[in-house]
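Note sheet for the following structure.
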Amino acid sequence: MKGPPITIRCECGETKDVAYGQRWLCDVCHRSWNTNQIPAEEYEGLLRRVRRHKLEALAAAALSAAVFVPLIVVVNSGFIALIPAVMALWLFVFLPLWRRRYRRTARNAPRWELHPE
Ligand SMILES: [Zn+2]
């Protein structure tokens, strides 16, 4: 299970995205940074929030499919005409809302103070 990358900002100003648990040796000043200094439970909290957002998007997609496929197949193929409206709703209402929430989570992502090794 791969989590979101952690952006390390070196004391010299270099930045780098690394996966949790990895080390990074700064190319410029050769300080060594270790993301293992981040407490696992704090990183997992972040993972949980990111995962919940992804689940929300999946659930919404599954829900619309669960509503529309039976309507079209069982009830009336005329419901196909509603699909563009549903797609528009998805694109212009749900996605922007979801992105805004996702960005808020990203913005509120915790910051950790690491120490070069
Ligand atoms: Zn550096």
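The values are calculated or read from the model by the stated rules, or taken from the named source; none is laboratory data. Please read these numbers as outputs of a predicted model, since none were measured by experiment. Note: ideal-geometry Cβ built from the backbone for every residue, glycine included; neighbour counts use all protein chains shown. Heads up: the accessible areas ignore ligands, DNA and RNA and are worked out on the full protein's heavy atoms, side chains in. Shrake-Rupley method; radii C 1.70, N 1.55, O 1.52, S 1.80 Å.
Some values worked out for this structure:
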read-out: Signed unit charges on C-beta, dipole axis of the chain, positive-most listed residue Cys12, Leu91, Ile72; value: Ile72
read-out: Relative contact order, percent, the chain [alpha-carbon distance under 8 Å, six or more residues apart]; value: 25
read-out: Integer Hz, Karplus 6.51/-1.76/1.60 couplings in order for the stretch 8-24, x for Gly and Pro; value: 9, 10, 6, 5, 8, x, 5, 10, 7, 8, 10, 6, 4, x, 9, 9, 9
read-out: Choice from Ser32, Ser64, Ser77 with maximal GNM fluctuation in the chain (Cα, 10 Å cutoff); value: Ser77
read-out: As computed over the chain, the Cα convex hull volume per residue (Å³); value: 126
read-out: With Cα atoms, 0 to 90° folded angle of helix 95-107 axis to the chain main axis; value: 20
read-out: Residue-normalised accessible area of the chain, given per residue in Å² at a 1.4 Å probe; value: 72
read-out: The chain - mean residue ellipticity at 222 nm from DSSP helices (-39,500 (n - 2.57) per run, n ≥ 4, rounded to 500); value: -14500 deg cm²/dmol
read-out: Carbon plus sulfur fraction of accessible area for the chain, probe 1.4 Å, in percent; value: 60
read-out: Distant-in-sequence amide H partners of Ile6 (H built 1.01 Å from N, under 5 Å); value: Val18, Ala19, Tyr20
read-out: Angle in degrees between helix 40-70 and the longest Cα principal axis of the chain, rounded to the nearest 10; value: 10
read-out: Exposed-site-free run, longest, the chain (rule: trypsin sites (Lys or Arg not before Pro); DSSP loop; at most 15 other C-beta within 10 Å); value: 3-110
